[in-house]
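Here's the structure, in structure tokens; my notes come after.
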Amino acid sequence: MKNKLKFISIVIGVAVLVLVGFGLGRWSLPSKDVDREISPPEQTRLAIVTYVIDGDTIEVDGKERVRYLGINTPESGRPYFTEATNENKKLVDEKEIKLELDVQTKDKYNRTLAYVWVGKTMVNLELVRRGFANIYTFPPNVKYKEQFLEAEREAKENCRGLWYPCKITGAENGIEIVNINADAPGDDNENKNGEWVEIKNQEENSVSMTNWTIKDEANHIYTFTDFILLPDKSVFIYSGCGIDTQEKLYWQCPEGEYAIWNNSGDTAFLRDASGNLVDSYKY
């Protein structure tokens, strides 16, 4: 009887652990292996965080705005905006931080561009590892590019945050990003429709893509309106302006100032109407 009770206790314990692990897996914290070999350099500047604006922007010393280098988090109104902002608050709010600069120190909004350290933790990298940010390394500020890539790979493999539910939705619907033509003939900004993304329905059933979105590593977002992708058909989303058809959709109408896709490399994120990740395509 004693052995039987012991066996039952073990089974119940394992079942509880499985259920807890399933429930928390979406937000489980990663290991520290990714950034254990890096630490803040000697040349940094101390500051106090006085306000957290969103997931990748803070105010320090009551006046200076700092934009995190190497990452991008969702904007207001987009899926995971609140989660990313709250996670950033947990990491930095009202704390003393160290600001590490790279080659370019200001953006067009006159915000300081920096890697933000709390103790020995780089907050930029930690947000990527926890799945609250995608990488957005842009020359010349590429000092930690490899660390960011590795952190994002780990987050994707573990379906954390932005990467949930690891293409489960896409696998069911058979919707995939199959190609991106990022380098338009001539000047991309003068030939925006030379850029395009191809999305294909690999299944036998039509799929409504109304209110689905496609986004790059920055904050360019296209939202599908009243669109159904037919079985075994592709739709091309062009970066410029034009008349929408069943096979061709146009991102920027009226015409935008700049092209969408970076020739040097970028990532497309396709999400359904609920904000779940359907597919991603990196080039």
> What is the number of the single condition among (1) assigned to a loop (DSSP other than H, G, I, E, B); (2) β-branched (Val, Ile, Thr); (3) within 21 Å of Trp163 (Cβ to Cβ) that Thr225 does not meet?
Replying inline: (3)
> Which one of Lys215, Lys233 is under 17 Å from Asn201 (Cβ atoms) and not acidic (Asp, Glu)?
Replying inline: Lys233
> What are the pairs, 6+ residues apart or on separate chains, where a residue within region 41-53 that is closer than 13 Å to Val118 by Cβ and of a type in the set (A, V, I, L, M, F, W, C) has its Cβ under 7 Å from a residue that is assigned to a loop (DSSP other than H, G, I, E, B) and modelled with pLDDT of 95 or more?
Replying inline: Ala47/Asp61; Ile48/Asp61; Val49/Asp93; Val49/Glu94; Val49/Lys95; Val52/Asp93
> Listed residues Asp216, Asp188; which is over 20 Å from Gly275 (Cα atoms) and buried (at least 18 other Cβ atoms within 10 Å of the Cβ)?
Replying inline: Asp188
> Does region 105-112 include one or more residues that are surrounded by 15 or more Cβ atoms within 10 Å (Cβ to Cβ), among the basic types (Lys, Arg), at pLDDT below 95 and part of a loop (DSSP other than H, G, I, E, B)?
Replying inline: no
> Which condition breaks for Gly240 when tested against (1) modelled with pLDDT under 95; (2) touching a Lys or Arg at 6+ places or on another chain (Cβ under 9 Å)?
Replying inline: (1)
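Go over the candidates Leu270, Leu229 one by one and state the one that is crowded, with 18+ Cβ neighbours inside 10 Å, in contact (Cβ under 8 Å) with a residue 24 or more places away in the chain and within 20 Å of the chain's Cα centre (by Cα).
Going through Leu270, Leu229 in turn, just one is crowded, with 18+ Cβ neighbours inside 10 Å, in contact (Cβ under 8 Å) with a residue 24 or more places away in the chain and within 20 Å of the chain's Cα centre (by Cα): Leu270.
Can you find a residue that is on the phi < 0 side of the Ramachandran plot, more than 24 Å from the chain's Cα centre (by Cα) and not hydroxyl-bearing (Ser, Thr, Tyr) anywhere in region 133-150?
Checking region 133-150: not a single residue is on the phi < 0 side of the Ramachandran plot, more than 24 Å from the chain's Cα centre (by Cα) and not hydroxyl-bearing (Ser, Thr, Tyr).
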>> I'd like to know if region 252-264 contains one or more residues that are farther than 27 Å from Thr73 by Cα, part of a loop (DSSP other than H, G, I, E, B) and modelled with pLDDT of 95 or more.
In response: no
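Just a yes or no: is a residue in region 249-267 touching a Cys at 6+ places or on another chain (Cβ under 9 Å), within 25 Å of Glu157 (Cβ to Cβ) and not assigned by TED's automatic domain parsing to the domain that holds Arg78?
no
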>> For region 232-251: of the residues being touching a residue at least 24 places away in the same chain (Cβ under 8 Å) and in a loop (DSSP other than H, G, I, E, B), which is nearest to Gly174 (Cα to Cα)?
In response: Asp232
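The values are calculated or read from the model by the stated rules, or taken from the named source; none is laboratory data. Keep in mind it's a predicted model, so treat the numbers as computed, not measured. When we count neighbours, we look across all protein chains shown, and the Cβ atoms used for this are built from the backbone with ideal geometry, even at glycine.
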